Structures are given as C-alpha cells and as structure tokens.
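For reference, the structure is listed below as structure tokens.
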Amino acid sequence: TLHMHPKDAATRGLADGARVRIRSAVGTVEATLEESEALRPGVVSLPHGWGHSGAGLRLGVASERPGVSCNVLTDPGVIEPVVGNAVLCGVPVRVAAI
C-alpha cells in the first residue's frame, strides 16, 4: 500500500483504493493507494513489503508474503557521503494511475 496525502492524490486524479505505479530513476513497482493526512503533501510512504520475486531469486519466505519490495526503487549507486551507506530513504519517485 502506498500512502499519499489526499491533496497530492487529487492533483494526480487519483482516489483512495486506486492502483498506482511508483517509478524512481531505477525501478518501478505497483501498489494500492491509501490516502492519509498523516503525511505532509509532497511525501509518499511505501512501507516495506516482502514481495521479492524475479528470475534467479530463491527467497521462499519473502516471495510468499504480500507487498512490494521498495528496494526496487532505490539506486545502489547513490551513496550517503557521511556514512557511506546506500540511500534507502528520501528516494524521489513519480506516482501515476495504472
């Protein structure tokens, strides 16, 4: 489930419960939209789901759990300079109806 402020959803012509495509610079996932005033406008939240699937993956437990892997959206080439870790939060994305 992708959480988005209602004003952002309305701007994009989206409604609560709609299926959406979330696209970053390196990947795309699909999820169901849930409107939430708990988020600031301009921010979305995609709670980490297991959803690991793909050719060559052998993740039996993860592949049986619902949700999408938000790791698909993170760029392994973008590194946080202070700590030297991959940037896993604050990933720019675009959200559109499917």
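Name the residues in segment 14-27 that are surrounded by 13 or more Cβ atoms within 10 Å (Cβ to Cβ) and part of a strand (DSSP E or B), would you?
Hits for segment 14-27 are V20, R21, I22, R23.
Is it true that some residue in segment 47-56 is at pLDDT 95 or above, surrounded by 16 or more Cβ atoms within 10 Å (Cβ to Cβ) and not polar (S, T, N, Q)?
Looking through segment 47-56, none of the residues is at pLDDT 95 or above, surrounded by 16 or more Cβ atoms within 10 Å (Cβ to Cβ) and not polar (S, T, N, Q).
Looking only at segment 74-91, count every residue that is part of a loop (DSSP other than H, G, I, E, B) and surrounded by 10 or more Cβ atoms within 10 Å (Cβ to Cβ) and tell me the total.
Counting residues in segment 74-91 that are part of a loop (DSSP other than H, G, I, E, B) and surrounded by 10 or more Cβ atoms within 10 Å (Cβ to Cβ) gives 7.
Report whether or not A31 is outside any helix (DSSP H, G or I), open to solvent by less than 20 Å² (accessible area, probe 1.4 Å), within 15 Å of C70 (Cβ to Cβ) and touching a residue at least 12 places away in the same chain (Cβ under 8 Å).
Judged against the criteria, A31 is a match.
The values are calculated or read from the model by the stated rules, or taken from the named source; none is laboratory data. What you are looking at is a predicted structure, and each value in this text was computed from that prediction instead of being measured. Don't worry about glycine lacking a Cβ; one is built from the backbone with ideal geometry, like all the others, and counts go over all protein chains shown. With ligands, DNA and RNA removed, areas are computed over all heavy atoms of the protein, side chains included. Shrake-Rupley method; radii C 1.70, N 1.55, O 1.52, S 1.80 Å.
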